[in-house]
Each structure stands twice: as structure tokens, then as C-alpha cells.
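A.B. asks: Take this structure first; my questions come after.
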Amino acid sequence: MESVAKQKLLALNGDEAVAYAAKQSDVDVAAAYPVTPQTIIVERFSEYVANGEVDTEFVCVESEHSAMTACITASATGARTFTATAAPGLALMHEMLYVASGCRAPVVMTVVNRALSAPINIHCDHSDSMSERDSGWIQIYAENSQEAYDSMIQAFRIAENPEILLPVMVCLDGFTLSHALENVHVLSDDIAKKFVGTRQFPRVTAHEGKDASFRLDPENPISIGPIAFPNYYFEIKRQQEEAMKNAPKIIQQVHEEYAQISGRHYGNGLLDAYCLEDAEIAIICLGSTAGTVKTVVNELRAEGVKAGLLRIRSFRPLPVEGIVKALEKVRAVAVMDRSLSFGGHGGPVFHEVHHALYDTPVHPYIVNYIYGLGGRDTSPSHIRKIYEDLQGILQTQRVEDPVRYVRLRG
């Protein structure tokens with residue numbers, strides 16, 4: 001086991017932490033278009049390029065659709081690629097997100113979560129990344145700027161693993177994290193670069209039966225992302241699902257290796273449980289909200305209430321078995337969604353957790369709370385009210401309103 005590496009303490013906001021991690025990850029090509037609240041990332045990274053601190057080709061494009069197109073093509077040639085975006089930019093990329101995963105291009109992208117229009121809103125919710133949950137991208141949600149930095153460095157190792165070869169989104173809450181200054185411990189450039197390593201390529205059978213690396217190379221030509229008719233398309237999609245099935249193991253391995261040099265753990269890399277061992281009531285959430293929930297859990301524990309938290313770090317792939325195991329002793333669960341699934345009876349995280357628990361022999365009571373849309377603040381008092389609702393559910397042994405709204409005007 002490696003010893004914890006010496007690190008430097010910097011004051012960084014979430015966007016700057018992401019840019020710093022990308023700087024240390026030996027990126028070959030970055031293509032991006034500015035959009036609030038992501039813009040700081042590409043501004044900082046372009047400064048690293050201009051100052052000669054990185055040997056990266058920075059491509060200034062005319063749109064986010066073009067940014068993802070440039071990243072896919074660069075990745076197909078064997079380049080390590082990076083980009084960043086937020087809500088409207090991610091929506092404009094929609095078509096190319098499917099192309100990236102279908103071409104098995106291990107692009108790493110930071111998504112600074114922001115509400116989708118209309119009406120126009122530049123503040124945080126998860127409607128942007130949740131809209132892309134079925135696009136074939138791995139999705140990791142960070143609780144704070146430190147985790148955003150750490151997750152970025154891990155993301156390149158995860159995406160480029162030959163057993164996966166899928167693109168990765170590292171998501172952080174807009175403004176709450178992206179523009180808030182925090183203490184961030186950073187590795188030295190050498191250690192970070194060594195951890196990320198050199199991109200490895202699986203071997204494939206190329207044209208004329210030649211053995212070749214899976215990348216575009218004029219000397220050993222292959223086809224990446226060609227047209228596929230009904231006789232082959234289905235199998236290609238199934239291969240992507242198999243890669244997703246491989247991902248939990250690799251995410252956990254990379255997370256543990258990183259923990260050995262950084263000294264930082266985020267649960268097991270997939271789920272981060274807090275005070276769940278004997279919890280009777282629990283909240284499930286993603287992202288920065290977990291920090292507020294932990295504060296409330298501490299207060300309730302001091303009052304003798306057996307409250308807990310389960311933070312989902314990896315939403316794709318969804319760690320179904322881990323969720324079931326973590327909640328096996330919990331009697332009532334509140335799932336917090338920072339986005340809506342219009343007409344779908346609850347939010348997307350609620351749907352997924354409900355699905356995961358459906359076949360379990362013991363079913364906790366489960367209720368959905370839609371909160372924080374468009375950046376609306378959710379304070380500790382609002383979190384406490386959710387736990388009080390769960391206590392009430394245990395007393396009445398029924399869920400009268402399965403989908404509820406936090407701080408919504410009547």
C-alpha cells in the first residue's frame with residue numbers, strides 16, 4: 001500500500017478545482033464553448049494552455065455541439081480529451097453524447113449543473129444531466145469542490161479502462177460549488193500525472209485481418225462509428241450495457257487506489273453512507289445537498305433520533321445491489337430529487353431507488369421530495385422537516401403523499 005502523498009492546500013472554487021485537475025491529467029485535446037456557470041473552467045484551462053503549463057491543443061468552437069464533435073474525433077485518434085458544459089450547452093450536445101458512447105470514445109466532461117429553460121434560469125438543479133442519464137455516459141456527482149477535483153483525476157482512469165471505454169460526466173452543482181471558494185488539497189503534478197497514466201488501447205481486428213489498436217490510424221485503418229443496420233445495431237448497444245456492467249468494479253478500484261495516495265475516501269466510490277448502520281429513517285440525495293443533510297443528521301443523532309444519509313455518487317452505473325444493502329435496516333426513506341420527470345410520478349432518482357427496492361423482501365416506506373429547482377435554497381430546517389415527516393410515516397405506517405415539494409409556494 002502506498003503512503004499518502006504530500007499535498008498542497010489551495011483556495012479554489014469548484015470550477016477552478018476542475019480546471020486544475022484537468023491541467024494535471026495530461027490532456028491532449030480540449031474543445032469547449034463558454035456557458036454559465038461553467039465558463040470559469042475553460043477560462044482557467046485556456047490560461048494554462050496559453051502560459052505553456054500544459055501541452056494541450058485547445059479548440060475554440062462555435063457551439064457545444066461542435067465541442068463534443070471535436071472531442072469525439074480527437075478521442076477516436078487516441079487523444080485524451082476533455083470538455084466542460086452546463087444546461088443549454090449539454091442539451092445542444094444531446095445528439096453527440098450518444099455518438100460519443102456509441103463510438104466508445106472515453107471523453108471526460110464536467111457538467112456544472114444548471115436549470116434548463118424556459119423560463120431562463122442560470123442557477124442549479126439537475127434537470128440537465130438527468131436528461132442525459134440514458135445516453136451511455138457514466139455519471140459521477142460531487143458533494144464539494146475537493147471531490148470534484150478528485151473525481152476528475154479518477155475519471156480519466158475510469159473512462160479509458162479497456163474494460164469500459166465509455167465517456168464520463170463529473171457533475172457539480174452550479175454556483176453552490178462552481179463559484180464558492182473552498183480549501184482544496186491537490187496532489188503534485190508528477191503524482192497526479194503518474195496516477196492518470198498513459199491511455200491504453202484494446203487490440204482489435206482491423207481491415208484485411210490485421211491486429212491493430214482501437215484508434216484511427218492511417219497505417220492500420222479501422223472503422224469507428226460506421227452505419228449499422230438492424231442485423232448489428234442491437235449487439236453494439238448491448239456491448240455498451242456490458243461496459244456499464246464492468247464499470248462499478250473499475251470505479252471502486254480506481255477510487256481505492258486514489259484513496260491510498262490522497263487519503264480521501266468517498267464511501268466505496270459508488271455510494272457514500274453516513275450514519276446508516278442503525279438508521280431507522282434516511283435521506284437519499286446527490287451532490288452538494290449531502291453536506292447540509294449531514295449537519296442535520298448530526299443534530300438529530302444528538303437528540304437520539306436514528307437518522308442517516310445515503311449519497312449516490314455514481315448515478316450511472318446505478319449501484320442497485322449497494323443501494324439495497326445500504327437500506328436493508330432502514331424503515332422509511334426520503335428520496336430528494338433536484339429535477340422533475342414531468343408526468344412520471346416523481347423525480348428520476350426516486351424512480352431509480354423505487355425500482356431498486358421493488359424486489360427486496362422487506363420494503364421501507366419511500367417518499368419523494370422535489371426540491372431546489374432553479375437554485376431555490378434548501379436550508380437545514382427544511383431537511384429537518386423531511387426527517388420529521390419520516391418519523392410521522394413510521395407512526396402512521398402509511399405514505400399519504402408519495403411525491404412532495406420542498407418550499408413550493410401554495
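A.B. asks: Nearest 10 degrees is fine. How inclined is helix 64-76 to the longest principal axis of the chain, computing both from alpha carbons?
C.D. replies: Result, in degrees: 60.
A.B. asks: Which lysines, if any, have their Cα less than 30 Å from the Cα of LYS237, not counting same-chain residues under 8 positions apart?
C.D. replies: Filter leaves LYS210, LYS245, LYS249, LYS325.
A.B. asks: Still on this structure, I have one more. As I understand it, the dipole of the chain uses +1 on the Cβ of Lys and Arg and -1 on the Cβ of Asp and Glu, about the Cα centre. Which of SER151, ALA279, VAL349 lies farthest toward its positive end?
C.D. replies: My answer, from the dipole projection, is ALA279.
A.B. asks: Now a separate question. Let me check against my output: what whole-number percent is the relative contact order of segment 271-405, with C-alpha pairs under 8 Å and at least 6 apart?
C.D. replies: The normalised contact order for segment 271-405 reaches 27 percent.
A.B. asks: Mind jotting down the three principal axis lengths of segment 275-332 based on Cα atoms? Whole angstrom, largest first.
C.D. replies: For segment 275-332, the Cα spread along each principal axis is 36, 25, 14 Å.
A.B. asks: Just want the answer: with Cβ charges of +1 for Lys and Arg and -1 for Asp and Glu, which residue in VAL406, ASN183, ALA105 is farthest toward the dipole's positive end in the chain?
C.D. replies: Positive-most Cα among the choices belongs to VAL406.
A.B. asks: Next question. Can you work out D for segment 271-405 in µm² s⁻¹ from Stokes-Einstein, where Rh is the Kirkwood radius over C-alpha pairs, the temperature is 4 °C and the viscosity is 1.567 mPa s?
C.D. replies: 88
A.B. asks: Placing +1 on the Cβ of each Lys and Arg and -1 on the Cβ of each Asp and Glu in the chain, which of LEU166, SER131, SER66 has its Cα farthest towards the positive end of the resulting dipole?
C.D. replies: Of the options given, the answer is SER131.
A.B. asks: If I model the chain as equal point scatterers sitting on the Cα atoms and use the Debye formula, what is log10 I(q)/I(0) at q = 0.12, 0.13 Å⁻¹?
C.D. replies: -0.95, -1.10
A.B. asks: For the peptides 106-116, 169-179, what is the packing order when you average, over each peptide's residues, the other Cβ atoms within 10 Å and list the highest mean first?
C.D. replies: 106-116, 169-179
A.B. asks: Could I ask something else about it? Order of 328-340, 14-26 by packing, highest average Cβ count within 10 Å first?
C.D. replies: Highest mean packing first, the order is 14-26, 328-340.
A.B. asks: Also: Could you identify which residue out of ALA142, ALA302, ALA91 has the top mean-square fluctuation in a GNM of the chain using Cα springs shorter than 10 Å?
C.D. replies: ALA302
A.B. asks: Please find, in a Gaussian network model of the chain (springs between Cα atoms separated by less than 10 Å), the residue of ARG311, ARG44, ARG238 whose mean-square fluctuation is greatest.
C.D. replies: Most flexible of the set in this elastic network: ARG238.
A.B. asks: In percent, what relative contact order does the chain have, based on Cα pairs under 8 Å that are 6 or more apart in sequence?
C.D. replies: After rounding, I find 16 percent.
A.B. asks: What is the projected area of the convex hull of the Cα atoms of segment 79-133, averaged over all directions, in nm²?
C.D. replies: 3.7
A.B. asks: Okay, moving on. Which value, in Å³ per residue, describes the convex hull spanned by the Cα atoms of segment 88-234?
C.D. replies: 140
A.B. asks: Still on this model: So if I place +1 on the C-beta of Lys and Arg and -1 on the C-beta of Asp and Glu, and nothing else carries charge, what would the dipole magnitude of segment 271-405 be about its Cα centre? I want it in debye, nearest 20.
C.D. replies: Here segment 271-405 has a charge dipole of around 240 debye.
We did not get these values from a lab; they are worked out from the coordinates using the rules stated. Keep in mind that this is a model prediction, so the values were computed, not measured. When we count neighbours, we look across all protein chains shown, and the Cβ atoms used for this are built from the backbone with ideal geometry, even at glycine.
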